[in-house]
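Every number in this text was worked out from the coordinates using simple rules, so none of it is lab data. Computed from a prediction, not measured in an experiment: that's the story for all the values here. Cβ atoms come from the backbone with ideal geometry, glycine included; neighbour counts cover every protein chain shown.
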Amino acid sequence: MNTLGRAFRVTTWGESHGKALGAVIDGCPANLPLSEEDIQGELNRRRPGYSIFSTPRRETDKIEILSGIFEGRTTGSPISALVYNRDQRSKDYTKLRDTPRPGHGDYTYYRKYGNYDYRGGGRASGRTTVGLVIGGGVAKKLLDYTYNIKIVGYTVKVGKIQGDFSYYSNPEVFNTGDIDKVVERIEGNPLRCPSSNAQEMVEYVKSAIESGDSVGGVVELVALNIPVGVGNPLFSKLSGELAGGVMSINAVKGVEIGRGFQSSELYGSEMNDQYIYCNNGVDMKTNNCGGILAGISCGTPLVLRVAVKPTPSISKPQKSVNLKSGEEVEIEIEGRHDPIILPRIIPVLESVVAIVLADLMIRGGFIHPCNLEYNRE
Ligand SMILES: Cc1cc2nc3c(=O)[nH]c(=O)nc-3n(C[C@H](O)[C@H](O)[C@H](O)COP(=O)(O)O)c2cc1C
């Protein structure tokens, strides 16, 4: 229940207001060059305070790797790593002790377990995604080292404001290797949005903050250089495993692959990707399938879109019920929160895509399960 993957397994642990959070990565083959800096770079992208739109909670999220690495390479043993929580302010939450916050896991946790950690949501907090990013950092390194696989995520929509940059409006950027320039644009924007109207989105979020509200949006993810054949029929499809992994992240409310929901409006003649022969191999004229046919990767870029809901903690007054007395109450949520989850969820989404790919590629024989030296022979 806390583990993602079967051959490459990432088990996350820890709570928002506990002492520390971390992950155990089991099944990473030996001889992958790996350092704390590799994972720290990913954690820095997820860390609170990275942009004007992230919670002012001050966390350094400094990683400590405890096991699984010797002389700069993985050993094949479990990799265990953690970050300490430094800036919890649990008193911000004491007023909410018996009144579940709308949109959070408080009510369902209380009904299921008979308790809930009112100090920031405990295990249902967005902070638990630290463990996924630790696992994702290892998976990304493994995919890059073995197949030069790159995964890039960016905001394509905020509220109702549609951006003008997406894979389908700019496929050439992903084919010609100009992706590094786009990544610079993504990482330089507070919403991680490379669209020309990103400023309009920024203003939209600012006006929501002023009215004590929050907003959601859509993230697109593209993964490049995935070989043909990753994923298994029928119940371990690449599409199914990706959807399951991504839907396991807090605040994710929908996943599309390729043209997704839009495909339901197209004619078959518009949707089908026709084959061409070029550079001594078979390719496709288009990539409406988003890199997956019948649950198996087809060699074109993987394209996913993910709907993320508005942050549930808002400062507007909301109705709730005192679970002890049954009395209806009005609550206002204090504490420090992201007005929009989008920019910080992007490294988490990339991590889950990486973990799913690493797992299926080890299970499918693309990556040697024990020793990467065999991959390089
Ligand atoms: C990276 C990340 C950061 C988050 N930050 C916050 C936050 O600051 N405030 C908040 O109310 N919810 C935040 N959330 C969302 C809640 O964790 C989530 O909405 C809640 O647990 C209910 O789960 P559900 O939305 O999947 O139903 C965050 C989620 C993620 C993935």
Quiz prompt | Proximal lysines relative to LYS140, as straight alpha-carbon distance under 17 Å, when same-chain residues fewer than 8 apart are discounted | solution = LYS150
Quiz item: Ranked highest first by the average count of other Cβ atoms within 10 Å around their residues, in what order do 117-125, 311-319 fall?
Solution: 117-125, 311-319
Self-check item: Spin-label model distance (nm) - ASP283 vs TYR267, 7 Å beyond Cα toward Cβ
Solution: 2.7
Quiz item: Between TYR145, VAL158, CYS28, whose Cα lies farthest towards the positive end of the dipole of region 3-369 when Lys and Arg beta carbons carry +1 and Asp and Glu beta carbons carry -1, centred on the Cα centre?
Solution: CYS28
Quiz item: How much FRET efficiency would the formula 1/(1 + (r/R0)^6) give for ASN170 and LEU234, where r is the Cβ-Cβ distance and R0 is 41 Å, rounded to 0.05?
Solution: 0.75
Quiz item: TRP13 versus GLU332, label points 7 Å from Cα toward the beta carbon: distance in nm?
Solution: 4.0
Quiz prompt | Net charge dipole size for region 115-212 [Lys, Arg +1 and Asp, Glu -1 on Cβ; Debye, nearest 20] | solution = 460
Quiz item: Farthest toward the dipole's positive end in region 174-257, which of ALA243, VAL230, GLY217, given Cβ charges of +1 (Lys, Arg) and -1 (Asp, Glu) about the Cα centre?
Solution: VAL230
Quiz item: Which value does Rg/Rh take for the chain over its C-alpha atoms, Rh per Kirkwood?
Solution: 0.98
Quiz item: Going through the DSSP H helices of the chain, which span 20 Å or more along their own axis at the Cα atoms while scoring at least -1.0 as a mean Kyte-Doolittle hydropathy?
Solution: 129-147, 342-363
Self-check item: Proximal lysines relative to LYS309, as straight alpha-carbon distance under 24 Å, when same-chain residues fewer than 8 apart are discounted
Solution: LYS112, LYS157, LYS160, LYS206, LYS253, LYS319
Quiz prompt | Ordering of 225-233, 152-160 by packing [mean C-beta count within 10 Å, highest first] | solution = 152-160, 225-233
Exercise. In debye, nearest 20, what is the charge dipole magnitude of the chain about its Cα centre with +1 on Lys and Arg Cβ and -1 on Asp and Glu Cβ, if you could check?
Key: 1000
Quiz item: Could you give the semi-axes, largest first, of the ellipsoid that matches region 191-258, computed as the square roots of 5 times the alpha carbon gyration tensor eigenvalues and rounded to whole Å?
Solution: 33, 16, 7
Self-check item: the chain, relative contact order [Cα under 8 Å, separation at least 6], %
Solution: 24
Quiz prompt | Qualifying aspartates and glutamates (Cα of each under 16 Å from Cα of LYS95; at least 8 residues distant if same chain) | solution = ASP106, ASP117, GLU327, GLU328, GLU330, GLU332, GLU334
Practice problem: Name all residues of region 20-40 having a backbone nitrogen under 14 Å from the label point set 7 Å from the Cα of ASN375 along its Cα→Cβ direction, giving them as ranges. | Solution: 27-34
Quiz prompt | Shape call, region 63-149: gyration tensor on alpha carbons, a/c limit 1.5 | solution = prolate
Practice problem: With a 10 Å radius around each residue's Cβ, average the other Cβ atoms per peptide and rank 95-107, 3-15, 177-189, 268-280, highest first. | Solution: 3-15, 95-107, 177-189, 268-280
Quiz item: Arranged by the count of other C-beta atoms within 10 angstrom, fewest first, what order do TYR113, TYR145 take?
Solution: TYR113, TYR145
Quiz item: In square nanometres, what is one fourth of the surface area of the convex hull spanned by the alpha carbons of region 1-56?
Solution: 5.4
Self-check item: Residue among LYS253, LYS140, LYS309 with the largest mean-square fluctuation in a Gaussian network model of the chain, springs linking Cα atoms under 10 Å
Solution: LYS253
Quiz item: Which order do GLU350, GLU59, GLU330, GLU64 fall in if you start with the one that has the fewest other Cβ atoms within 10 Å?
Solution: GLU330, GLU64, GLU59, GLU350
